[in-house]
Amino acid sequence: MNSAAEKQAAGTGLDPEKLRADFPILAQQVNGHRLAYLDSAASAQRPRVVIDAISHYYEHDHANVHRGVHTLSHRATDAYEGAREKVRQFIKAGSTREIVFTRGTTEAINLVANSLGQTFSAGDEIIVSELEHHANIVPWQMLAERTGIRLRVIPINDAGELQLDVYQDLLNERTRLVSVTQVSNALGTVTPIQEILAAARSRGILTLVDGAQAIPHQPIDVQALDCDFYAFSGHKMCGPTGIGVLYARESVLKDMPPWQGGGDMILTVSFTGTTYNELPYRFEAGTPNIAGAIGLGAAIDYLDGLGMAAIAEYEQQLLHWATERLRTIPGLQLVGTAPSKAGVISFNLDGIHAHDLGTILDHQGVAIRTGHHCAMPVMEHFGIAGTARASLAFYNTREDIEQLVTALELAHKMLG
Amino acid sequence: MAVQEQLQALYRSTVLEHSRAPHHFGQLATSNRQATGHNPLCGDKCTVYLEVANDELTEITFEGAGCAICMASASIMTDTVRGCSLASASAAADQVLESFADRQAADHSELPGDMAALGAVRQYPSRIRCATLAWQTLQAALTGKAQTVTTEVTTNQS
C-alpha cells in the first residue's frame, strides 16, 4: 500500500505517508483499528507546528493585544497582526485592512448580514443557492424577518450543479447581494464561482463567497475572484477552531456600520458620543482569539510549505481514485456527481441508514460524517434524509480508502 | 473480535428483524391522536398515530424514516403499548426515557418488552436519540402537550 501511495503522489511533490507523521492525532488506533480520518470537511486535523505555535504563544508571549505598553503585549500584538498579514498573503488581498478576524465562516457571514444588512430594505433581494450550508441561509432568513428583504435561491440539478440559466433570470434591479458557496460541503460540487461573480459584478451587485470548503483544497486569490466578501474558517484548513476570516473589499467595508460594540473597535468613548476605530478593528470588538489567529498563521505557513497547487493536484488524484473504488461496491449510490468536485464523496448504501453506517464504520476505525451535513435543502432536493460523507485531505492515502471500502462491505453484510 | 461483538450487541437480531419489517407501520384511519417527532441531528422523523377509547390505547401505528435503531425502537414500542391503558403506556414511555437517560444503567431488564434488545445503545451517546425518538413522540401524542414537553416534537390532535 505504501508503494501505491508513493506512486499516486508522484508528480505532485507531496509525500502523504511522510506528511501523516506531522499530524500527531493520526498515529492512533480507534476501536482497535488504524484511524482512517475521512471527515476533514467537518474539521481538518492539525499538524504539530500549529499545536506548537499555540503552546509557544501561551508559554512565552501572551498578553492582551493593542493595549499594553509592556513587552508581552507588544509580542502578542506583533504575533496577532503578523497572522493577519499571513492571511492577507495567503488569499492575495490588497491590504490587511480588508482582513477581519471572526470566530469562523458562520460569524463572518453573520457580520455581513448584520452590518451590510442594515442598509437593505423591504423588497431588496439576496441570491443564495440550494447548495448552501445553513450558515449561508439562516443569517439571511433572519435578516429577511427583520427587514422584509427577499431570499432568492439558485436551484441545483440532479448532479448537484447550480443551474446558471436560472441564476441569470434571478438577477434583477432589486438584487443587493449574491452570496454563494465555492464548494458544496455536502456534495463537493465546485461551483462556477467566476461566472457567478462576474454576472453580479457587471450589474454592480455585491458578492459574498462562502469559501469554507474551498480554501483547504486550492489556491485562493480574492482579487482575481473580484468578490466583495470571502468568508472562511481556520479549523477546516488545519488551523484552530474558533478563528475565521472575513475578507471584505476595503471600499465596501469602510462604509459598513459597526456590528458588535465594545473595546478595541472604538477610538474614543464618551457619553456624548463615540468614535469608531479604523479598519479592520472597527469590526473586531472585544479581546480577539489571539492564539487562534496565531495558530491559523502557523497553519498557513504549513500549507504554503506544501503548496496549495500541489495539495489540489494530489487531492484530485485521490478523489478520482476513491470515487472509482466506491463505484465498485454493489448497492452504493453516489449523491452529487458533478464533474468538478473537491475532496468530498457523499453516498448511500442500499437503504442502510447513514447513521447505522457511521456507527459500523467507526468500529472499523473509519471516521466519516453522516446525516444532513447542515445542508438540509440539498437533502430535500434528492429526497433523502441524509448521506454518508467521506471527505479527503492531503494527509489521506489510498490505505484510508481501502479501509473505508472494507468497512462498507462489513456494514453491507451486517445490515444489508 | 471484540469490536465485532460490540457491533453485534448493538445490532441484535431482534433489532434487525424489527427494523427490516416494522410492526404496525403506516397511517391509522381511526386515529384520534397523533404527534410527529424529529431528530434534528440526523433528520429522522417519526409520526405516531393513536386510537384512544375509554382511557385505553386500542390501536397504535407509526410511520417515518430512520436508522435501524430508530425503526426498531418504534416497532417494539407499538408491540409494547398496544392495548394498554393510557396510564401504563405513559409509564412505559417514562421508563424507557429514564433508562436511556442513564448511561450507567448496566441492567437492561428495567426496559419494557423487547426494548431490552436496544439496551446496548446506551453505550453510544450519539445514538441514544435514535432509540428515544419514537417514545418521546408517543408521550407527546398521549399528553397532547408536545410543544411544552420537548422542542423536537410537534403535535396535533384531531
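The values are calculated or read from the model by the stated rules, or taken from the named source; none is laboratory data. Quick caveat, the model's predicted, so the values are computed rather than measured. Every residue, glycine as well, gets a Cβ built from its backbone with ideal geometry; the counts of neighbours run over all protein chains shown. Note: accessible area is taken over every heavy atom of the protein model, side chains too, but ligands, DNA and RNA are not part of it. Shrake-Rupley method; radii C 1.70, N 1.55, O 1.52, S 1.80 Å.
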Stretchable slack from A:Glu278 to A:Val49, in nm (0.36 nm times residue separation minus alpha-carbon distance): 79.2 nm
Cα-based convex hull volume of the stretch A:295-400 per residue, rounded to whole Å³: 131
Only Lys, Arg (+1) and Asp, Glu (-1) charged, at Cβ; the stretch B:2-156 dipole about Cα centre in debye: 420
10 Å Cβ neighbours from other chains, averaged over peptide B:2-10: 4
In the B-A interface, the accessible area buried, summed over both sides, Å² (probe 1.4 Å): 1500
Exercise: per-residue mean of other protein chain Cβ atoms within 10 Å, A:356-367: 4
Contour excess over end-to-end distance, with Cα ends at B:Ser126 and B:Glu110 and 0.36 nm allotted per residue: 3.6 nm
The stretch A:51-305, accessible area per residue, ligands and nucleic acids excluded (1.4 Å, Å²): 39
Fraction of accessible area attributable to carbon and sulfur, chain B (%, probe 1.4 Å): 48
Dipole of the stretch B:2-156, positive end: most advanced residue of B:Asn32, B:Ala89, B:Gly64 [Cβ charges, Cα centre]: B:Gly64
For the stretch A:51-305: rounded, prolate or oblate by the Cα gyration tensor [a/c cutoff 1.5]: oblate
Derived scalar couplings ³J(HN,Hα) [the stretch A:391-404; Karplus, 6.51 cos²θ - 1.76 cosθ + 1.60; whole Hz; x for Gly, Pro]: 10, 10, 9, 5, 8, 8, 10, 4, 4, 4, 5, 4, 5, 4
Solvent-accessible area of B:Val48 with every protein chain in place, 1.4 Å probe, in Å² to the nearest 10: 0
Ranked packing of A:218-231, A:73-86, A:345-358, most packed first, by mean Cβ within 10 Å: A:345-358, A:218-231, A:73-86
Tail weight of P(r) past 25 Å, computed on alpha-carbon pairs of the stretch A:18-164, percent: 57
Lysine pairs with alpha-carbon atoms under 22 Å apart, the protein assembly as shown, spacing 8 or more or separate chains: 8
Stretch gain in nm, segment A:Leu267-A:Ser251, where the contour uses 0.36 nm per residue and the Cα spacing is subtracted: 3.7 nm
Partner chain coverage, peptide B:61-74 - average Cβ within 10 angstrom: 3
Pairwise label distance in nanometres, A:Arg75 with B:Ser13, each label 7 Å out on the Cα-Cβ vector: 6.7
By average C-beta atoms within 10 angstrom, highest first, the peptides A:206-214, A:179-187, A:145-153, A:64-72: A:179-187, A:206-214, A:145-153, A:64-72
Residue-normalised accessible area of the stretch B:2-156, given per residue in Å² at a 1.4 Å probe: 42
Per-selection Kirkwood Rh - the protein assembly as shown (Cα, Å, 1 d.p.): 25.9
Farthest positive-ward along chain A dipole, Cα basis, beta-carbon charges - from A:Gln163, A:Pro24, A:Gln260: A:Gln260
Magnitude of the charge dipole, the protein assembly as shown, Cβ model with Lys/Arg +1 and Asp/Glu -1, debye to 20: 580
Heavy-atom accessible surface of the stretch A:36-116: percent carbon and sulfur, 1.4 Å: 51
Loop-resident sites, the stretch A:257-323, for chymotrypsin sites (Phe, Trp or Tyr not before Pro), counting at most 16 other Cβ within 10 Å (DSSP): A:Phe271
B:Ser85 paired with A:Lys92, simple spin-label distance in nm, labels 7 Å along Cα-to-beta-carbon: 7.7
Among A:285-294, A:388-397, the order from most to least packed when residues are scored by Cβ within 10 Å on average: A:388-397, A:285-294
The stretch A:108-254 - charge dipole about Cα centre, Lys and Arg +1 at Cβ, Asp and Glu -1, debye rounded to 20: 460
Kirkwood hydrodynamic radius of the stretch B:1-130, Cα pairs, Å: 15.2
